[in-house]
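Pasting a structure here, questions to come.
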Amino acid sequence: MSTDSRPLSPHLQVYRLPFTALTSISHRISGVLLSAGSLVLVYWVVAAAAGEQAYRTAAAILGSLPVQLLMFAWTFVLFYHLCNGIRHLVWDAGYGFELETAKRSGQMAIGGAAVLTLIAWLIAIF
Amino acid sequence: MEFRTPIKQARGLGASHHGAAHWWVQRLTAIGMVPLMLWLVTGIAANAGGGYLDTISWLGSPFNAVLMVLVFGVLFYHAALGLQVVLEDYVSHKGVRLALVIAVRFLAIALATAAILAVVRIAFFADLRTAFGG
């Protein structure tokens, strides 16, 4: 069987990824980052269970500026994965495959993630 | 000379009736995590900067404790399935890939167990504090 005439997959080093491909690989990357971020959540809860002293140490680390900035980024990554995940669920149901729709829903996922991130941090600060 | 029947070579390689299980559970946990994560972020944001006792009483209330246990169970199930797909796609060495998939699964179960035990401990501790006045 000849396979010569089959379409080639894009060569990643020379191929500029279209927007929808960027949202796709970002979904994976954000998932991996969130898996790593879940360690912080576990640390926080385990520290709280371990007692007041352990919790104070954890609170000091988590409340420091560099970690707070990381948490801000992490919040956006979480909401991106959540919004883009809903986009994937809609695809799973069989809708939204048209190029223009897929592009629009990708923009909505990013925009929605940004809005949810801001709301979460407004609640946190006020 | 091959004496084994074709079915012998197919057995153990693919699941009949369960082929979509990984895909399906990934979606189930995804759907479950939408409300759980919205609740978690709102809850943490609203209680951020609180002291030890605030955190303990928030985590220890029955409603929040139940949701936190669900969060950790569903989160680590979802994460283990997702990381498994990533490993299966990008790690080409069969042995390394299998070792990493097993390691991720074990780690996810260990972390979920530790976190859930912590939440349960806080929930009971907070309850006892109230019962004994202090």
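The numbers here are math on the coordinates, done by the rules we state, and not lab data. In this text, all values refer to a predicted model and were calculated from it rather than measured experimentally. Positions of Cβ are generated from backbone atoms using ideal geometry, with glycine treated the same way; all protein chains shown enter the neighbour counts.
Assuming A:Val42 fulfils every condition listed in (1) buried (at least 16 other Cβ atoms within 10 Å of the Cβ); (2) under 22 Å from B:Arg121 (Cβ atoms); (3) more than 11 Å from every other protein chain (Cβ to nearest Cβ); (4) aliphatic (A, V, I, L, M) apart from one, which condition is it?
Unmet for A:Val42, out of (1) buried (at least 16 other Cβ atoms within 10 Å of the Cβ); (2) under 22 Å from B:Arg121 (Cβ atoms); (3) more than 11 Å from every other protein chain (Cβ to nearest Cβ); (4) aliphatic (A, V, I, L, M): (3).
Between residues in region A:85-100 that are at the interface with another protein chain (Cβ under 10 Å from one of its Cβ atoms) and residues that are not basic (Lys, Arg), which pairs lie under 6 Å by C-beta distance while being six or more apart or on different chains?
A:Gly85/B:Ala30
How about region B:30-50: which of its residues are at the interface with another protein chain (Cβ under 8 Å from one of its Cβ atoms) and more than 22 Å from B:Phe76 (Cα to Cα)?
B:Ala46, B:Ala48, B:Gly49 - these are the residues of region B:30-50 that are at the interface with another protein chain (Cβ under 8 Å from one of its Cβ atoms) and more than 22 Å from B:Phe76 (Cα to Cα).
Go through (1) among the aromatic types (Phe, Trp, Tyr); (2) more than 8 Å from chain A (Cβ to nearest Cβ); (3) within 24 Å of A:Ala59 (Cα to Cα); (4) crowded, with 18+ Cβ neighbours inside 10 Å and name the single condition B:Tyr77 misses.
(3)
Residues A:Ser24, A:Ser35, A:Ser5: which one is of a type outside the set (A, V, I, L, M, F, W, C) and exposed (fewer than 10 other Cβ atoms within 10 Å of the Cβ)?
Checking each option against the conditions leaves just A:Ser5.
Looking at B:Met68 and the list (1) more than 9 Å from chain A (Cβ to nearest Cβ); (2) touching a residue at least 40 places away in the same chain (Cβ under 8 Å), which single condition is not satisfied?
Checking B:Met68 against (1) more than 9 Å from chain A (Cβ to nearest Cβ); (2) touching a residue at least 40 places away in the same chain (Cβ under 8 Å), the one that fails is (1).
In the list B:Val71, B:Val85, B:Val34, which residue meets the criterion of being in a helix (DSSP H, G or I) and touching a helix residue (DSSP H, G or I) at 6+ places or on another chain (Cβ under 6 Å)?
B:Val71
Still on this model: Kindly provide the set of residues from region A:45-61 that are facing another protein chain (nearest Cβ under 9 Å) and of a type in the set (A, V, I, L, M), ordered by number.
Across region A:45-61, the qualifying residues are A:Val45, A:Val46, A:Ala47, A:Ala48, A:Ala49, A:Ala50, A:Ala59.
Consider B:Tyr90 carefully, then state whether it is more than 25 Å from B:Val41 (Cβ to Cβ), of a type in the set (Phe, Trp, Tyr) and within 13 Å of chain A (Cβ to nearest Cβ).
Taking the combined requirement at face value, the residue satisfies it.
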